[in-house]
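Below you'll find the structure, written out as structure tokens, and then a few comments.
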Amino acid sequence: MALIERSFQEKIILVGVALGSKGYEEVESDLDELALLVDTAGAVVVGRVIQRRDRPDPATYVGGGKAEEIHRLSEELDVDTVVFDEELSPAQQRNLEKIFGRTAIDRTAVILDVFAQNASTPEGKAQVELALLSYRLPRLRGKGRSLSQQVGRIGTRGPGETKLEEDRRRLLERMSTLRRELREIQSTRQLQRRSRVRSRGATVSLVGYTNAGKSTLMNVLTDANVLAEDRLFATLDPRTRRLPLPGGEVITLTDTVGFIKKLPHQLIESFKSTLEVISEADLLIHVVDGSSKSAVEQMAAVREVLAEIGAGSIEEVVVLNKMDRVVGELPFEGDIPDAIYISAKEGTGVPDLLSEVSTRLRRRTVLKEVSVPIEHGEILAFLHREGEILSERSDETNINVLVRLDPASLGLLEKMLSDRKSGSLADGQFNL
């Protein structure tokens with residue numbers, strides 16, 4: 001993906017609105033995070049505006065008077081762009097740009113811009129491009145003209161820029177092509193996942209807020225050599241590695257894209273094929289930045305996205321990371337019970353985490369005694385492949401096995417034994 005180089009550092013004003021019962025402190029926290037996003041995108045924040053309203057203004061979100069106030073501040077600070085913390089409608093964005101005489105964008109555009117800069121694989125680029133085009137389509141239609149005048153600023157870069165200069169029909173054709181490509185990639189990934197399931201081993205996914213330290217933990221656990229940087233959304237593409245647990249079991253561990261508050265729905269929709277690995281996991285490791293004052297709120301944001309992708313009911317192990325940065329007691333400690341305290345950077349607490357993961361996965365399994373006729377080696381092979389053999393002894397006619405199986409494998413085993421007993425399958429033949 002070729003990004004447009006800028007010879008200047010874009011100057012930004014941030015705008016937050018305290019709606020209803022939302023307090024100024026919460027708005028300030030949201031703007032702090034938005035400032036980090038803007039910094040990651042390569043711009044600099046030179047001012048902030050916070051307003052109290054009962055509800056958004058349909059025309060300008062902040063109202064005509066406040067819009068004029070922001071315009072005067074923009075002129076005074078000579079800013080290039082005004083960024084709103086909430087998503088603007090195409091009409092609001094158009095009206096604000098007329099008042100400001102400069103670009104007005106929202107949090108969604110900034111997040112999409114950061115994703116556009118960090119996407120590196122063909123799949124990641126296609127997912128981000130589809131999200132960008134989905135976001136820009138109504139804005140292109142609303143303006144009734146090309147967006148090329150804005151090229152080079154936050155919210156206008158990344159894949160698909162040249163397509164925005166074409167008509168709406170060509171843009172929709174491009175989106176259709178991207179969806180088809182992503183469906184093909186999704187189909188390939190599903191085949192790969194089925195292969196991993198057949199090769200035995202539970203699947204565990206690392207989830208968490210962006211920059212919580214998931215990739216660092218992945219590297220510590222598996223030597224995956226995943227990019228781990230102290231910045232937002234450093235890792236977009238999933239990485240899967242095998243991980244042996246203390247009890248001898250081998251699982252597959254996947255690192256996924258980090259989440260954030262108000263994650264754009266266009267990204268969730270576009271990244272569905274990537275996020276499916278989370279919804280199909282047996283267990284989640286929820287990595288939380290224990291040094292953040294917003295840890296509880298960040299956990300809630302992650303769980304909101306998990307529910308949206310169908311993973312809200314999957315059991316999770318909560319990990320408070322970055323304990324090396326914590327001085328004194330955690331103010332929210334009582335709000336996050338049963339958490340594992342670690343520092344992925346220093347490797348402390350990792351053995352406790354692995355032990356807890358092993359314990360949680362074992363709780364999902366069932367002990368089963370099976371008497372396998374010697375001539376039916378397929379069943380014995382299935383048990384060795386799909387379960388954990390705890391004991392095995394044989395007599396003249398049978399091999400007696402004590403095995404630990406997960407519920408899905410137990411169901412397959414019982415069907416195989418039933419088919420053999422009913423004689424629906426020939427000797428030595430089983431539908432695996």
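The values are calculated or read from the model by the stated rules, or taken from the named source; none is laboratory data. Source: prediction; values computed, not measured. Methodologically, a virtual Cβ is constructed for each residue, glycine included, from the backbone with ideal geometry; neighbour enumeration extends over all protein chains shown.
Summary of values
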| quantity | calculated |
| --- | --- |
| Single match in Ala281, Ala212 (criterion: out of contact with any helix residue (DSSP H, G or I) (no Cβ under 8 Å at 6 or more places or on another chain), at pLDDT 85 or above, surrounded by 23 or more Cβ atoms within 10 Å (Cβ to Cβ) and more than 22 Å from Pro122 (Cα to Cα)) | Ala281 |
| Residues located in the range 98-117, provided they are farther than 30 Å from Val257 by Cα, among the basic types (Lys, Arg) and surrounded by 17 or more Cβ atoms within 10 Å (Cβ to Cβ) | Arg102 |
| Per-region count, the range 310-328, residues within 19 Å of the chain's Cα centre (by Cα), surrounded by 15 or more Cβ atoms within 10 Å (Cβ to Cβ) and of a type outside the set (Asp, Glu) | 7 |
| Matching residues in the range 81-97 - criterion: being touching a Ser or Thr at 6+ places or on another chain (Cβ under 7 Å) and surrounded by fewer than 20 Cβ atoms within 10 Å (Cβ to Cβ) | Glu87, Glu97 |
| Among the candidates Arg141, Arg153, residue that is in the same structural domain as Val38 (by TED's automatic domain parsing), at pLDDT below 75 and in contact with a strand residue (DSSP E or B) (Cβ under 7 Å, 6 or more places away or on another chain) | Arg153 |
| Pairs where the first residue, in the range 78-107, is touching a residue at least 24 places away in the same chain (Cβ under 8 Å) and closer than 20 Å to Val46 by Cβ and the second is in a helix (DSSP H, G or I) and basic (Lys, Arg), C-beta under 9 Å, 6+ apart | Val83/Arg107; Phe84/Arg107; Asp85/Arg107 |
| Residues located in the range 92-106, provided they are aliphatic (A, V, I, L, M) and over 30 Å from the mean Cα position of the chain (by Cα) | Leu96, Ile99 |
| Output for the range 258-274, where each listed residue is of a type outside the set (Phe, Trp, Tyr) and touching a Gly at 6+ places or on another chain (Cβ under 9 Å) | Gly258, Thr274 |
| Options Val46, Val27, Val17: the member that is surrounded by 14 or more Cβ atoms within 10 Å (Cβ to Cβ), touching a residue at least 60 places away in the same chain (Cβ under 8 Å) and either assigned to a helix (DSSP H, G or I) or in the same structural domain as Gly124 (by TED's automatic domain parsing) (or both) | Val17 |
| Single residue of the range 49-66 satisfying the filter (basic (Lys, Arg) and under 22 Å from Pro90 (Cα atoms)) that is surrounded by the fewest Cβ atoms within 10 Å (Cβ to Cβ) | Arg55 |
| Test set (1) of a type outside the set (Asp, Glu); (2) touching a residue at least 24 places away in the same chain (Cβ under 8 Å); (3) assigned by TED's automatic domain parsing to the domain that holds Glu269; (4) within 30 Å of Glu414 (Cα to Cα) - Ser313 fails condition number | (2) |
| Residues satisfying the stated conditions in the range 400-432, i.e. closer than 11 Å to Ile379 by Cα, buried (at least 16 other Cβ atoms within 10 Å of the Cβ) and either in contact with a strand residue (DSSP E or B) (Cβ under 6 Å, 6 or more places away or on another chain) or at pLDDT below 65 (or both) | Val401, Phe430 |
| Candidate set: the range 293-310, residues that are among the small types (Gly, Ala, Ser) and in contact (Cβ under 8 Å) with a residue 12 or more places away in the chain; chosen: the one farthest from Leu34 (Cα to Cα) | Gly310 |
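This table checks each residue for (1) part of a helix (DSSP H, G or I); (2) hydrophobic (A, V, I, L, M, F, W, C).
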residue	(1), (2)
Ser313	no, no
Val319	no, yes
Asp324	yes, no
Gly328	no, no
Gly334	yes, no
Asp338	no, no
Lys345	no, no
Pro351	yes, no
